[in-house]
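Student: Below is the structure I would like to discuss, written out as structure tokens.
The values are calculated or read from the model by the stated rules, or taken from the named source; none is laboratory data. Nothing here was measured: the structure is a model prediction, and the numbers come from that model. Please note: Cβ atoms are built from the backbone with ideal geometry, for glycine as well, and neighbour counts cover all protein chains shown. The protein model used for the area step is the full one, side chains on, heavy atoms only, and it has no ligands, DNA or RNA in it. Shrake-Rupley method; radii C 1.70, N 1.55, O 1.52, S 1.80 Å.
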Amino acid sequence: MKIDVISIFPEYLSPLNLSLLGKAQSSGLVEINVHDLRKQTADNHNTVDDTPYGGGAGMVMLPEVWGKTLDPMLEENSDLIILTPAGKKFTQKMAESFAKSSHLLFACGRYEGIDDRVRQHYCQPEYQVKNIRVHEVSIGDYVLGGGEVAAMVIIEAVTRLIPGVLGNPLSLAEESHNDEGYLEYPNFTKPQEWRGIAVPEILLSGNHAEIAKWRKAQAEKRAKENL
Ligand code: JBK
């Protein structure tokens, strides 16, 4: 899978070279390139934004600098992902779908976002016929300084689903067949008693059917409490 990330703070994305993703890159399973949006600016000040038409607070990113940056990167069969608090909420289902793509391109906006004509432009039929899909995605209802961290969240969730990226493929199989509530039961390891608190008896019983039932009940209880 090829991943391009466009940002005015490319250094902010350096964690992508660490850990699991660093290994996935050296092994050739994933190729990540981070691009500086300011490389395509036309003026001495490297301007990337301007005041919004219609007034209001903040600044809006200029469409032309995005167009110049994206045009040469958008080859056939690409998913352009625009990070915005107004986007569709990111889910595991979306991660599974993006994991099947050959090319993900993340547009990280800063300020009040990117001029909407950028999205409109790449949604046009000439791009659709090239199998270029545009997605506006949000990782949650809170205010971030920009889309960089959101892009990293999505990249981590997606790349670990690529065969060979995860160290232990068994943990993937377990997640998928348990689907939703897979991480939601409480976990325990050694020692059997810690600071006066014992591990629930059932987990020491060796009765796998009863353990599965107990975990499901615990997960449901937690889900209710966290509503
Ligand atoms: C937020 O993806 N997001 O969730 C996001 C992207 C850019 C700015 C934001 O405030 N929430």
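Student: Can you find a residue that is in a loop (DSSP other than H, G, I, E, B) and modelled with pLDDT of 95 or more anywhere in the stretch 210-226?
Tutor: Within the stretch 210-226 (the criterion being in a loop (DSSP other than H, G, I, E, B) and modelled with pLDDT of 95 or more), the answer is no, since none of the residues qualifies.
Student: Here is a further query. Please work out which residue is modelled with the highest pLDDT, limiting yourself to the stretch 139-187 and to residues that are among the acidic types (Asp, Glu) and out of contact with any strand residue (DSSP E or B) (no Cβ under 8 Å at 6 or more places or on another chain).
Tutor: Here the answer is Glu156.
Student: Now, a different point. Which condition breaks for Lys68 when tested against (1) outside any strand (DSSP E or B); (2) within 16 Å of the ligand (Cβ to nearest atom)?
Tutor: Result: Lys68 passes all but (2).
Student: Among the residues of the stretch 13-58, how many are in a helix (DSSP H, G or I) and within 24 Å of Ala99 (Cβ to Cβ)?
Tutor: Total satisfying the criteria: 13.
Student: Something else now. Contact list please: Cβ distance under 7 Å, first residue in the stretch 55-78 and closer than 14 Å to Arg133 by Cβ, second residue open to solvent by 30 Å² or more (accessible area, probe 1.4 Å), pairs at least six apart or on different chains.
Tutor: Sorted first by the residue in the stretch 55-78, then by its partner, the pairs are Glu76/Lys130; Glu76/Asn131; Asn77/Ser102; Asn77/Asn131.
Student: Something else about it: Any idea which residue in the stretch 98-137 is nearest to Pro85 (Cα to Cα), counting only those that are open to solvent by less than 40 Å² (accessible area, probe 1.4 Å) and aromatic (Phe, Trp, Tyr)?
Tutor: Among those residues, the one meeting the criterion is Phe106.
Student: Mind checking which residues of the stretch 35-51 are aliphatic (A, V, I, L, M) and open to solvent by 60 Å² or more (accessible area, probe 1.4 Å)?
Tutor: The one that is aliphatic (A, V, I, L, M) and open to solvent by 60 Å² or more (accessible area, probe 1.4 Å): Ala42.
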